[in-house]
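Heads up: the structure comes next, in structure tokens.
The values are calculated or read from the model by the stated rules, or taken from the named source; none is laboratory data. Since the structure is predicted, the reported quantities are computational estimates derived from the model, not experimental observations. For neighbour counting, all protein chains shown are included, and Cβ atoms are generated from backbone atoms with ideal geometry for every residue, glycine included.
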Amino acid sequence: MALLEIALLPDAVLRRKAKKITVLDKDFQILVDNMIETMRTAPGVGLAAPQVSVSSRLVVVEYGEEDEEGGEVGPKKLYVVVNPEIVLASEEKETGIEACLSIPGLVGEVERHSQIVIKGLNRFGRPVKITTEGWLARIFQHEIDHLDGIVYPDRATRVWKPKEDEELVIAD
């Protein structure tokens with residue numbers, strides 16, 4: 001496996017609509033493995049293919065629930081979703097603080113759907129349906145936005161550079 005370089009704004013790949021994936025060959029599997037390693041090393045909780053300069057509809061997400069003190073409640077779960085699409089979203093929305101590996105040094109307040117249902121394929125081409133809420137729903141919405149050339153400041157009500165002593169709970 002190899003670490004991939006993370007594209008930074010204003011790189012044009014971050015503003016393009018990514019192409020649908022139709023071939024899940026050996027090269028694709030290597031890309032998935034490299035994206036997982038890159039996300040974990042960054043460290044991040046999600047990564048979209050355009051963030052590693054690949055204009056394809058692929059996201060990897062790894063997240064585990066945490067308690068109020070920030071300790072993990074359960075094991076992290078890894079999701080690899082090919083051609084993801086949000087097929088259902090709650091009317092209820094929540095505002096939360098987001099950051100992005102492609103926009104270092106900034107955070108923003110973004111309103112997202114509280115609950116969503118995602119359909120796509122797993123890394124082997126089998127259909128998946130993911131029903132999620134809270135932070136995990138936020139992470140998926142953030143990553144799927146990348147596939148459409150949208151970055152979180154486009155949706156933010158406020159963006160700022162956090163102070164060194166500012167404690168934040170951030171999704172990305």
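State yes or no: is Ala7 within 22 Å of Trp135 (Cα to Cα) and at pLDDT 95 or above?
no
So which of Leu47, Leu3, Leu24, Leu14 ends up being assigned to a loop (DSSP other than H, G, I, E, B) and within 13 Å of Leu101 (Cβ to Cβ)?
Leu3
Cβ-Cβ under 9 Å, sequence separation 6+ or interchain: first residue in the range 27-45 and closer than 11 Å to Leu4 by Cβ, partner surrounded by fewer than 18 Cβ atoms within 10 Å (Cβ to Cβ) and among the charged types (D, E, K, R). Which pairs?
That search, which allows pairs on different chains as well, returns Thr38/Glu5.
Please tell me if Lys20 is surrounded by fewer than 15 Cβ atoms within 10 Å (Cβ to Cβ), closer than 17 Å to Ile118 by Cα and without any contact (Cβ under 8 Å) to a residue 40 or more places away in the chain.
No, not satisfied.
Tell me yes or no: at least one residue of the range 56-77 is in contact with a Leu (Cβ under 9 Å, 6 or more places away or on another chain), exposed (fewer than 15 other Cβ atoms within 10 Å of the Cβ) and farther than 22 Å from Pro43 by Cα.
No: the range 56-77 contains no residue that is in contact with a Leu (Cβ under 9 Å, 6 or more places away or on another chain), exposed (fewer than 15 other Cβ atoms within 10 Å of the Cβ) and farther than 22 Å from Pro43 by Cα.
Which condition number does Asn122 fail, the rest of (1) surrounded by 15 or more Cβ atoms within 10 Å (Cβ to Cβ); (2) within 16 Å of the chain's Cα centre (by Cα) being met?
(1)
Being touching a helix residue (DSSP H, G or I) at 6+ places or on another chain (Cβ under 8 Å) and not in a helix (DSSP H, G or I) is the filter; apply it to the range 128-151 and report the residue that is nearest to Tyr63 (Cα to Cα).
Thr132
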